[in-house]
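Input: a single structure, listed below in structure tokens.
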């Protein structure tokens, strides 16, 4: 039974603290109703950590995309459309590698070709979502181009995160993927 400064005052009913003016009692009462599942907070924290790692991998891939675009445009004298394709392919390769190894930790997967096909489908799905959402928001809803593009990109990015998390890099096991280290070492 929790101890509290109110215990000496007789604010215990049926073995529980009941003083709503005492922070100890309130936290004890709320703890029974707010956190019936102690793993819920940990699951949310794990999901938020995964989302942060996915964001960093996406940011890195975007940097590689823009660098390859700039090099193809200035060094190799390709057109803007050709440079965009080069940049997009380079960024997608970096994103796939980072997400497979670091974000979702699926370097142990043996079905790499199926994973590549699913990931490529996600890239095409993301492009389709972006184009469709920009068309809908700009042409139909009358939004300005940049707010439409930013809204479409953000929404599409989150949908593709869910697609990659649940379809592309999903573990076949019922539980979480086992933690495997790339190097064998003795402890």
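The numbers here are math on the coordinates, done by the rules we state, and not lab data. Computed from a predicted model, the values in this text were never measured in an experiment. Every residue, glycine among them, receives a Cβ derived from its backbone with ideal geometry; neighbour counts consider all protein chains shown.
For residue 71, put the label point 7 Å out on the Cα→Cβ axis and report which residues of segment 81-100 keep their amide N under 19 Å from it.
81-98
Ranked highest first by average number of other Cβ atoms within 10 Å, how do 96-104, 75-83 line up?
Top to bottom by mean Cβ count within 10 Å: 96-104, 75-83.
Based on the Cβ-Cβ distance from residue 51 to residue 151, what FRET efficiency comes out when R0 is 22 Å, to the nearest 0.05?
My answer for the efficiency is 0.75.
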